[in-house]
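Note sheet for the following structure.
The values are calculated or read from the model by the stated rules, or taken from the named source; none is laboratory data. Note that this is a predicted model, so its numbers are computed, not measured. Cβ coordinates were reconstructed from backbone atoms using ideal geometry, including for glycine residues, and neighbour counts include every protein chain displayed.
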Amino acid sequence: MEDLIIEAKEFFEYYRTQIGKSAKKGEKAIHVSFQDIASFSNTLADQLLAKPEEVLSVMELALDEVGLVSNAKIRLLDMPASQHIKIRQIRSRHIGQLIAIEGIVRQASDVRPQIVNAKFECPQCGTLISVLQVEKKFAEPSRCSCGRKMGFKLISKEMVDAQRLVLEESPEGLEGGEQPRRLNVFLKEDLVEPKMEEKTTPGARIRIIGLLKEITIPLQTGGISTRFDLAVEANNIIPLEETFEELEISEEEERQIRELAADPLVYEKLVASIAPSIFGHEDVKLAVALQLFGAVKKKRSDGTAIRGDIHLLFVGDPGVAKSVILKFVSTIAPKGRYIVGKSATKAGITASVVRDEFLRGWALEAGAMVLANKGIACIDEMEKMTEEDRSSLHEAMEQQTVTISKANVQATLRAETSVLGAANPKFGRFDPYQPVASQVDMAPTLLNRFDLIFILKDIPQRERDEAIAAHVLLEHRQAAARPPIEQVLLKKYIAYAKQKISPKLTEKAVEEIKNFYVELRNAPTSGDSLIRPIPISARQLEALIRLSEASAKIRLSLKVTKEDAKRAIQIMHLYLLQIGIDKETGNIDIDRVTTGIPASERNKIAILREAVVRLESRIGKLIPIDELKHEVADKINEDQVEEMLEKLERMGDLFEPKRGFIQRV
């Protein structure tokens, strides 16, 4: 043991810089890489694997004697490949070994104090006896040196904070119909600090490095079962998913990021680096880049919040690579979640209340929108979700919270999540002459919550088809050009912008957005109509501000300039032209998107209603359809009258008491 202490002291002298960094931050633990221990001393590394508990306590003793920090714990950052084990592969031979396991936190208990050491006094001779508390049951001294066997007085007790997690295998590691296995993990001391506790909330993906221990199972008769349970006493927790705020950026990476942001071609480089395996779709990729950078969350004067997250929806023909873009974004964004509509339920998207076997009560399990808080939820095949499941997205997308009131659980969870959705048209392929709302099987209220909706059409064009074919074949031969910005740097770039940059609108940007909004809303409309089309609403105005702020964030600018506003207006105008044009009048009409009934159609319905009222006063309640057609012949043709009457009947305004006649309800 003496040799080990000397070896450990030498190692900590060699590791001095790292220890100094941790001491400066005021951390209660020193993070050590197993690779560093192995490269410095094979003996120390071998002993650590053979007798982990003893060697860790020896190393902590040596660390104290070095004198850089006092009472610090040693936390291992990695383990050799042989010690990485799946939960289902754990066997009795692993007991007492240091192992590394990965999984998803399913349940987390409250942090509660636990006694580790207790001091007793013998009332007979006054001797102080110290008893280490290893078992679940509180242990008292068995006897004193003077011969006394019971009645010892408790003087003091040493306590640490402790918590229990239930770790479940990740679904990616399962094959076929395997059920995921679970394992109990016990955390103590600095591993349950509030900062660490945030990383072990239910739903988080983590790696645990710890000591596998057996737990005795007491029998009802009072004895101990021959069958033992297993649990891991954690040495360290490594989160596998970090939010943008938690990513660490080195000085060299910061320099590269600043160089990129200063490049006048930064937007083109970003577009080329997003889903590089897909050819074209530059506008879509620019919108995705803006979504990844996001805008600034603000508080209104009345105390309510304005979201800073940008929501996008792709509606398009099959085979235009919607899913590939979604998959890419879910991997590039920390806390990105990929969900498929058909297999998603309300509980899986928001949150559910489940029965807790351990606490004998009800517990809350977070869904995808809550787990992706401060990240992105990519929802594919949205049209295949049931209406009830889709309605759960309303609150999460606009208010950015998820409210649960079930059993005795009343909770409001945060869901500051950007949504990137993809949907296929109702009839397989897109019909350019029909409104989007009528072709996508989604409620207008949900469609209205998306800042931008893109139509991706698959139209044969010789030059474009040749370019796509060449690009796809290069990808298959793995000879495609590398993207201008590597994935790791892109992730850090987005994180840096989110951490440090909160741009504010300049006067010129405000003027640009205001002019576009006012001019478009009050643009002269073609045709005489009772109802004016609404080209753009206040929701799109807020979307313009968000897109402008995201554009400024890409340049790491603290000011939103006129150019940023113009870039946002260009994307918004493209979106409105794609899906907001009323083919009959040629005017932009946002109602085509949000309700599926353009102003021209509402105008005809209004004309028809007025004609019915006029005829009723002249003829009586029963109105012949031929008479009605004659009354509105100069404004609406016969086919359209039939169509409008059918709609009014469906709406419950008119009914047909006998063939060829209509009557108001």
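Just a few scattered comments:
- Residue check, Leu413 modelled with pLDDT of 75 or more, aliphatic (A, V, I, L, M), assigned to a strand (DSSP E or B) and in the same structural domain as Lys285 (by TED's automatic domain parsing): yes
- For segment 310-340, filtering for residues that are part of a loop (DSSP other than H, G, I, E, B), at pLDDT below 85 and either closer than 17 Å to Asn373 by Cα or of a type outside the set (D, E, K, R) (or both) leaves 8.
- Residue match in segment 44-59 (condition: at pLDDT 75 or above, within 19 Å of Leu187 (Cβ to Cβ), outside the structural domain of Glu169 (by TED's automatic domain parsing) and among the polar types (S, T, N, Q)): yes
- Among the residues of segment 92-115, the one identified as acidic (Asp, Glu) and surrounded by 13 or more Cβ atoms within 10 Å (Cβ to Cβ) is Glu102.
- Of all the listed residues (Val296, Val340, Val320, Val271), the sole one being of a type in the set (A, V, I, L, M, F, W, C), without any contact (Cβ under 8 Å) to a residue 40 or more places away in the chain and touching an Asp or Glu at 6+ places or on another chain (Cβ under 6 Å) is Val271.
- Selected residue (criterion: modelled with the lowest pLDDT) from residues of segment 120-138 that are among the polar types (S, T, N, Q) and part of a loop (DSSP other than H, G, I, E, B): Gln133
- Filter pass, Arg205 being modelled with pLDDT of 75 or more, farther than 15 Å from Ile485 by Cβ and among the basic types (Lys, Arg): yes
- Residue within segment 292-302 that is crowded, with 23+ Cβ neighbours inside 10 Å, under 25 Å from Ile545 (Cα atoms), modelled with pLDDT of 80 or more and touching a strand residue (DSSP E or B) at 6+ places or on another chain (Cβ under 7 Å) present: yes
- Count - residues of segment 116-161 that are surrounded by 15 or more Cβ atoms within 10 Å (Cβ to Cβ) and of a type in the set (A, V, I, L, M, F, W, C): 8
- Among residues of segment 177-201, those that are of a type outside the set (Gly, Ala, Ser) and assigned to a loop (DSSP other than H, G, I, E, B), counted: 6
- Of all residue pairs spaced 6 or more apart or on separate chains, those with beta-carbon atoms under 9 Å, a first member in segment 181-200 that is in the same structural domain as Val111 (by TED's automatic domain parsing) and a second member that is part of a loop (DSSP other than H, G, I, E, B) and at pLDDT 80 or above are Arg181/Lys86; Arg181/Ile90; Arg181/Glu169; Arg182/Glu169; Leu183/Ile90; Leu183/Glu169.
- Restricting Tyr493, Tyr433 to residues that are among the hydroxyl-bearing types (Ser, Thr, Tyr) and modelled with pLDDT of 80 or more narrows the list to Tyr493.
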